[in-house]
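What follows draws every value from the coordinates through simple rules; no lab data is involved. A quick note: this is a predicted structure, and the numbers were derived from the prediction, not measured. Here the Cβ is made from the backbone with ideal geometry for all residues, glycine too, and neighbour counts use every protein chain on show.
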Amino acid sequence: MAGEHDGRQALRLGVRVGALALLSCLGGCRTRAPAVAARAEAAPSAQDRRAVLLKPSHAFWQAKAPEVFVAKFEVSQGEFFIEVHRAWAPHGADRFWNLARAGYYDDSRFFRVVAGKWAQFGIAGDPAVSAAWKDRAIPDDSVRQQNVRGAVAFAMTGPNTRTTQLYINLVDNRRQQDTAGFAPIGRVVVGMDIVDLLYSGYGESAGGGMRAGKQGRMFAEGNAHLDRDFPKLDRLIRVTVR
């Protein structure tokens, strides 16, 4: 019986992800932006990624995201998928799309997981890369969707301060986050049970949010600091977008 259940679950996941991939393709075909991105700014090869990541002024970063795309997160607990809608938050979707396809989030950590609140990530494991992006803020997007459970938005400290860090709402945070201007770019559509498993034992002590002013060591030392001092943090192995 367990084998049959696992098989059915895998089939449902495959059907859902396949449908999302098709939706992403159709969304791209309806707009001009994805065609421009594909023509002018293909994702860099693995050996070129670091060079591109270290140069935020590179033309690569000007590409617009597809109208709808899916991001696959491979993490130490398993896999989950986020469906991003550019119409929800254009500046945020473009930034996430480009960072993800350049590998910025690969081999990083979920450094701020607070049970009953959110799971935050988005500081590169390589200190040189995180330093290059620390102050590269994007303009605000208006809040067009709500910070319900599973919604994903950029962290910020105030107006026009979003850079690379995002959080996943573990519960309904509308009352707190919507009124403060946190604009969701997408939502977890498959694997929220995996997100719920992310280690939350350290709470705010592994670095906290952007407002707390305790992220200095993460930027200075990267994964070396987190793996040494907070070894139970879950790993973000890879993000792929399509």
Those lysines that a straight Cα-Cα span of less than 30 Å connects to Lys64, excepting residues fewer than 8 apart in one chain: Lys55, Lys72, Lys134
Between Ser205 and Ser45, take the C-beta separation as r, use R0 = 51 Å, and let me know the FRET efficiency to the nearest 0.05. 0.85
Loop-resident sites, region 109-169, for trypsin sites (Lys or Arg not before Pro), counting at most 10 other Cβ within 10 Å (DSSP): none
Projected label distance in nm at Asp193 and Arg238, using a 7 Å step from Cα toward the beta-carbon: 2.4 nm
A correct Karplus calculation of ³J(HN,Hα) over region 109-118, with 6.51 cos²θ - 1.76 cosθ + 1.60, θ = phi - 60°, whole Hz and x for Gly and Pro, returns 10, 7, 8, 9, 10, 10, 4, x, 9, 7
Segment Ser142-Leu54, length gained on full extension (0.36 nm per residue, minus Cα span): 28.8 nm
Within the under-13-Å Cβ sphere about Val75, not counting Val75, Lys/Arg +1 and Asp/Glu -1 give a net charge of -3
With a Cα-only, solvent-free Debye model of region 121-242, what are the log10 I(q)/I(0) values at q = 0.11, 0.15, 0.18, 0.19 Å⁻¹? -0.39, -0.75, -1.11, -1.23
Relative contact order (%) - criterion: Cα under 8 Å, at least six apart; region: region 146-242: 25 percent
Identify all lysines with a Cα-Cα distance to Lys117 below 21 Å; exclude those on the same chain that are fewer than 8 residues away in sequence. Lys214, Lys232
Amide H of Val190: which non-local residues (sequence gap of 5 or more, or other chain) have their own amide H closer than 5 Å, using H built in the peptide plane? Phe81
